Structure formats: structure tokens, C-alpha cells
Amino acid sequence: MSASVPRVLSGIQPTADSFHVGNLLGAVNQWVALQHESDAFFCVVDLHAITVAHDPAVLHRRTLESYAQLLAAGLDPDVATVFVQSHVPEHSQLQWVLGCLTGMGEASRMTQFKDKSQKAGAQSASVGLFTYPILQAADILLYSADEVPVGEDQRQHLELSRDLAERFNARFGETFTVPRTRVMHGAAKILDLQDPSAKMSKSLPGGCAFLLEEPRVIAKKIKSAVTDSDAVVRYDLQAKPGVSNLLTLLSAFSGTPVVELEAEFAGRGYGDLKSATADAVVAYAEPFAARTRELLQAPDHLAALMRDGAERARAVAAPLLARVYERIGFVAGA
Ligand code: TYM
């Protein structure tokens, strides 16, 4: 790929039985679009998934399922480099170096750590959960990524990646690319269907539409979405977050701009909007689930794709790590 196209990297955790519509619209759909106009790297971040207590068999299954879902969503392994984070040991190695440049104070300010550690209870939050954003910075900086396509919730972590890149470069010489955050207009924060004041999250499954769930479950969740009582279909994220969220979903899955949907649903009730949204999401989810199942039924093929992805990723990661080691004064090994 020519040097003039941007390098793009992003990742997703294998911590649920299925991607949800927020993952798809905020992140993965951007990746699918970007793969053709960039030098793209996407990974299933299994190292990040063990920062909270986990079951090994479940993690194993979810890692394969996440990889399969990335392909089912449209990533082409002949075009983009799609890999599993733990297959590339340089991520953990660079994390150590970056961890030694990170202040305790700046790591403590990460809001996701504060939220998650509160949920885990102060006693059980791990050191891994604390250093999670430093590993994320390593994921990004190892590939000299110009752009990182993510949902809104990742902004703060990406700021840390930028700060660490700049700090390293200032101290040891120009080594890392300082990455830009790329969020999707409109879909960067898909809201919880039951509580539209919160973002949709796998940790609150009741308000979360998972793509691999039974179509009738997906439809039921969308049809029982919390809206408001003024019965006007209008996009207004502040005053009408529930209705605006449904419009965002319907627009993304149908390809119809929000303004046209507002006109189409003028004078109609929320029931019609919910039904149309449920139909549009299910129309995507059904073939997506079928493609995912098909990929999982060919484990050897999937394993070969993962191996190839890891090889291509290492071809970029290893020389960058070697440069970092040299810059910081490590004596070259064998
Ligand atoms: P994760 O696995 O939680 O989510 C994957 C992607 O989905 C986006 N997302 C959303 N977008 C819109 N609306 C929502 N409700 C919503 N929920 C999730 C996330 O913003 C993310 O882009 N720390 C990352 C994984 C990671 C990573 C990286 C990302 C590890 N290393 C390097 C980028 C670059 C995470 O937990 O994503």
C-alpha cells in the first residue's frame, strides 16, 4: 500500500457473546469503510479482556466469535490486517516501556478505570485494569497509526496515547506517530434502549441490542425502547434522546437520512418508528448471524486467517519495537 494513505488501527474486546449495534455503528462500520482507503489494522483485544475476572473457556469462544463477526461485518482479510492481540507479543512489550513513562496521576484520571473499578469494588480491581489504557496506547503506537476509528467513549484513552507518543518523541527522538481520533458523525454514541441518558453497553444487556441475539429478542428490545410522552418524531438529542437514538439506528440501518425519516414519520406514532427500526436492525442482523455461524463452522480456515493476520501485524510491530528498544538504550539481543 502506498505511503500516502493513512494507517488506521482499532480494536474490540471479546467480552460479550455478540457485538451490539453500538459497536457496529460507532466503530466496526467505520472500519469496513476505511479498509479500502487506508492501510488498515484491526484486532480482537484479548489481553484487554482479562483485566476483569473471566472464564477461560468463555474468553476462548468469544475471541473466535469476535474475529468471525469482524469478517461477517465486512472486513476483508485480504484487504485489512485482522488479528488477535495476544498473537503479537510486541503489544505487551511496548506496554511496559510506555507504562514507565506514564504518571500514576494521569493513569488514575481515566474515567473508564474509575467506573469499572467502582463496579468491581475497590478490593478486586486489578493492576491490569489500571494499566489498560497504556496497553491500548501500545496497540496504537506500535503500528504508527495516523487514525483510530472508535466510539465517543474511547476519546480519553486516545488522548493518553497521543500524550505518550509526544512524551516519548520529546525524550528519545521522533519515533511514534501521534494518532488522531476518528468518531462517526451521529453514531459515535448509541444510547441504551431502556435508559437513553446512558450509552448502550454490553454490561447493561436489557437496553442493548446484540446482533447475534434471536431476531425476536432484538425486535422486542427495540419495540420496548424508552422514548418520551410528546409523541413527535423529531431528532433532538438533548430533549428527546430516546427518539433521536431510534432515528439514528433507523437511519444507519436503512441508509435514509434522519431529515427524511422525520418527514416520513411526521404525524405518526412512536409505535411505527419502533417497528420500522426493529425491522431494519433485524434485516441486518439475520444475515450477519448466518455469516458468523458459517465462519465459525470452518475453524481451520479461521485459524489460518488469524495466523496470517498475526504475521502481517508482526512484520510492522517488530521493527517498531526494535527501534524503541534502541532509542531507550537497551543493548540489542541476538
Ligand atoms: P470496546 O470493545 O468496548 O468497543 C469496541 C468499539 O465499539 C465502540 N462502542 C460504541 N460506539 C458507539 N456507541 C456505543 N454505545 C458504543 N459502545 C462501544 C467503542 O467506542 C469501540 O470503538 N478500549 C477499547 C478497545 C481497544 C482499542 C485499542 C480501541 C483496545 N485497544 C486500540 C482502539 C485502539 C474498548 O474497550 O472497546
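Listed by first and then second residue, the pairs linking a residue in segment 56-72 that is in contact (Cβ under 8 Å) with a residue 40 or more places away in the chain to a residue that is among the small types (Gly, Ala, Ser), with Cβ atoms under 6 Å apart and 6 or more places separating them unless they lie on different chains, are Leu59/Ala49. Within segment 231-260, residues that are open to solvent by 40 Å² or more (accessible area, probe 1.4 Å) have Cβ atoms under 7 Å from residues that are basic (Lys, Arg) in these pairs: Arg234/Lys240, counting only partners at least 6 apart in sequence or on another chain.
Of the residues making up segment 34-53, those that are open to solvent by 10 Å² or more (accessible area, probe 1.4 Å) and away from the ligand (no atom under 14 Å from the Cβ) are His36, Glu37, Asp39, Ala53. Of all residues in segment 272-290 being loosely packed, with under 15 Cβ neighbours inside 10 Å and in contact with a helix residue (DSSP H, G or I) (Cβ under 8 Å, 6 or more places away or on another chain), which is nearest to Lys220 (Cα to Cα)? Across segment 272-290, the extreme among qualifying residues is Ser275. State whether one or more residues within segment 170-181 are modelled with pLDDT of 95 or more and buried (at least 21 other Cβ atoms within 10 Å of the Cβ). Scanning segment 170-181 turns up at least one residue that is modelled with pLDDT of 95 or more and buried (at least 21 other Cβ atoms within 10 Å of the Cβ). Scanning segment 118-133 for residues that are open to solvent by 10 Å² or more (accessible area, probe 1.4 Å) and under 30 Å from Glu37 (Cα atoms) yields one hit, Tyr132.
Taking the condition within 8 Å of the ligand (Cβ to nearest atom) and of a type outside the set (A, V, I, L, M, F, W, C), does Gln194 pass?
Details: within 8 Å of the ligand (Cβ to nearest atom): no; of a type outside the set (A, V, I, L, M, F, W, C): yes.
The answer is no for Gln194.
Apart from one condition, Val150 fits all of (1) under 20 Å from Leu9 (Cα atoms); (2) without any contact (Cβ under 8 Å) to a residue 40 or more places away in the chain; (3) within 11 Å of the ligand (Cβ to nearest atom); (4) not charged (D, E, K, R); the exception is (2).
Please work out if Ala145 is open to solvent by less than 30 Å² (accessible area, probe 1.4 Å), of a type in the set (A, V, I, L, M), near the ligand (Cβ under 9 Å from one of its atoms) and farther than 23 Å from Val5 by Cβ.
Details: open to solvent by less than 30 Å² (accessible area, probe 1.4 Å): yes; of a type in the set (A, V, I, L, M): yes; near the ligand (Cβ under 9 Å from one of its atoms): yes; farther than 23 Å from Val5 by Cβ: no.
Spelling it out, it is not the case that Ala145 is open to solvent by less than 30 Å² (accessible area, probe 1.4 Å), of a type in the set (A, V, I, L, M), near the ligand (Cβ under 9 Å from one of its atoms) and farther than 23 Å from Val5 by Cβ.
Among the residues of segment 185-194, those that are out of contact with any strand residue (DSSP E or B) (no Cβ under 6 Å at 6 or more places or on another chain) and open to solvent by 70 Å² or more (accessible area, probe 1.4 Å) comprise His185, Gln194. Taking the listed residues Val88, Val79, the one that is more than 11 Å from the ligand (Cβ to nearest atom) and buried (at least 22 other Cβ atoms within 10 Å of the Cβ) is Val88, with no other qualifying. Take Thr175 and tell me if it is assigned to a loop (DSSP other than H, G, I, E, B) and either in contact (Cβ under 8 Å) with a residue 12 or more places away in the chain or near the ligand (Cβ under 9 Å from one of its atoms) (or both). Answer is yes for this residue. No other residue among Asp139, Asp115 is open to solvent by 40 Å² or more (accessible area, probe 1.4 Å) and either out of contact with any Gly (no Cβ under 8 Å at 6 or more places or on another chain) or within 11 Å of the ligand (Cβ to nearest atom) (or both) apart from Asp115.
For segment 210-220, the criterion of being within 16 Å of the ligand (Cβ to nearest atom), among the aromatic types (Phe, Trp, Tyr) and in contact with a strand residue (DSSP E or B) (Cβ under 6 Å, 6 or more places away or on another chain) is met by at least one residue.
The values are calculated or read from the model by the stated rules, or taken from the named source; none is laboratory data. As the structure is a computational prediction, the values presented were derived from the model and not from experiment. Please note: Cβ atoms are built from the backbone with ideal geometry, for glycine as well, and neighbour counts cover all protein chains shown. For accessibility, only protein heavy atoms count, side chains too; no ligands or nucleic acids. Shrake-Rupley method; radii C 1.70, N 1.55, O 1.52, S 1.80 Å.
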